[in-house]
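To start, the structure itself, in structure tokens.
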Amino acid sequence: MSDIALLPPVPVTTEPVLARAFLIGLAIVFVALFLFAPLVTVFVEALAEGWRGAVAALSLPDARAAIGMTLTIAAIAVPLNAVFGIAAAWAIAKFDFRGKAFLITLIDLPFSVSPVVAGLMLVLLFGANSSLGAWLMANDMRIVFAFPGILLATLFVTFPFVARELIPVMIEQGRAEEEAALTLGASGWRIFFTVTLPNIRWALLYGVLLCNARAMGEFGAVAVVSGKIRGETATMPTMVEMFYNEYLSVAAFSLAAVLAMLALLTLLLKSLLEWRHADLLAATRRH
């Protein structure tokens with residue numbers, strides 16, 4: 001045992017020091033060029049006319065309407081996707097039924113379909129040229145180029161995030177605790193709130209953060225289905241494009257800076273979750 005204790009430590013890698021330094025330096029340069037440089041540029045351009053210019057740009061009616069639209073869409077889509085994600089993960093992890101693999105495939109569908117294609121599908125389904133769309137318009141119910149269409153597009157592109165975070169966690173936890181609570185006479189809702197939910201709360205919050213980030217930053221599907229009508233259906237990402245195309249660079253970059261700050265806040269919360277609850281979130285990395 002003493003001879004084993006005196007053995008020199010085995011290096012983690014066998015690459016030469018210069019090779020490791022080169023790879024680390026290459027990674028740093030890549031991150032600096034493709035991540036930090038664009039992010040810094042956004043804030044520099046937003047403050048090109050000072051803080052007052054940026055605040056004035058964000059006070060424009062179109063900018064305020066876009067911010068309100070984005071926050072409203074996220075406030076509705078994220079809770080709905082959280083409920084769907086919990087229900088889907090519960091069904092997949094706790095029950096055996098035919099079509100389970102097909103349901104998982106459907107949940108992953110938005111990861112495979114381009115957001116632009118998703119928006120086009122909604123236009124073809126609810127647009128004026130379809131039978132359903134014509135009937136809806138005849139009854140004064142607008143889906144495409146209106147708030148409901150934007151909400152549907154956002155729901156489609158974001159609904160996998162919560163479910164895909166919860167499914168591996170709930171599968172790994174198994175059914176033993178729920179079955180034990182059931183044998184003790186607990187009802188379904190009581191089992192969910194006292195047994196299941198406490199076990200998945202951090203993975204659920206993690207999925208909600210990812211879902212919220214995607215909901216606020218979605219461009220492709222929303223751009224197709226919204227029509228980008230000023231003050232009515234324009235969201236923050238689409239309004240950034242519209243301002244930029246009109247050479248209102250300060251307004252475009254100021255709105256982009258707000259989006260970037262929201263993204264950074266989400267990233268900070270995500271990192272805190274991973275740091276404080278790494279063990280509880282480890283199972284979410286296995287899918």
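Numbers at a glance
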quantity	calculated
Among (1) more than 26 Å from Phe111 (Cβ to Cβ); (2) open to solvent by 40 Å² or more (accessible area, probe 1.4 Å), the one test that Val250 misses	(2)
Residues within the range 13-55 that are closer than 20 Å to Ser254 by Cβ, open to solvent by less than 90 Å² (accessible area, probe 1.4 Å) and not hydrophobic (A, V, I, L, M, F, W, C), tallied	5
Restricting the range 146-175 to residues that are touching a Ser or Thr at 6+ places or on another chain (Cβ under 7 Å), buried (at least 19 other Cβ atoms within 10 Å of the Cβ) and of a type in the set (A, V, I, L, M, F, W, C), the residue that is modelled with the lowest pLDDT	Val169
Unmet requirement for Phe126, which otherwise passes all of (1) aromatic (Phe, Trp, Tyr); (2) touching a residue at least 60 places away in the same chain (Cβ under 8 Å); (3) more than 30 Å from Glu179 (Cβ to Cβ); (4) buried (at least 21 other Cβ atoms within 10 Å of the Cβ)	(2)
Single match in Leu132, Leu106 (criterion: farther than 30 Å from Asn199 by Cβ and either surrounded by fewer than 19 Cβ atoms within 10 Å (Cβ to Cβ) or small (Gly, Ala, Ser) (or both))	Leu132
Matching residues, the range 214-238, being open to solvent by 40 Å² or more (accessible area, probe 1.4 Å) and over 15 Å from Val116 (Cα atoms)	Ile229, Arg230, Gly231, Glu232
Residue match in the range 254-273 (condition: open to solvent by 40 Å² or more (accessible area, probe 1.4 Å), at pLDDT below 90 and assigned to a loop (DSSP other than H, G, I, E, B))	no
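The values are calculated or read from the model by the stated rules, or taken from the named source; none is laboratory data. Since the structure is predicted, the reported quantities are computational estimates derived from the model, not experimental observations. Cβ atoms come from the backbone with ideal geometry, glycine included; neighbour counts cover every protein chain shown. Heads up: the accessible areas ignore ligands, DNA and RNA and are worked out on the full protein's heavy atoms, side chains in. Shrake-Rupley method; radii C 1.70, N 1.55, O 1.52, S 1.80 Å.
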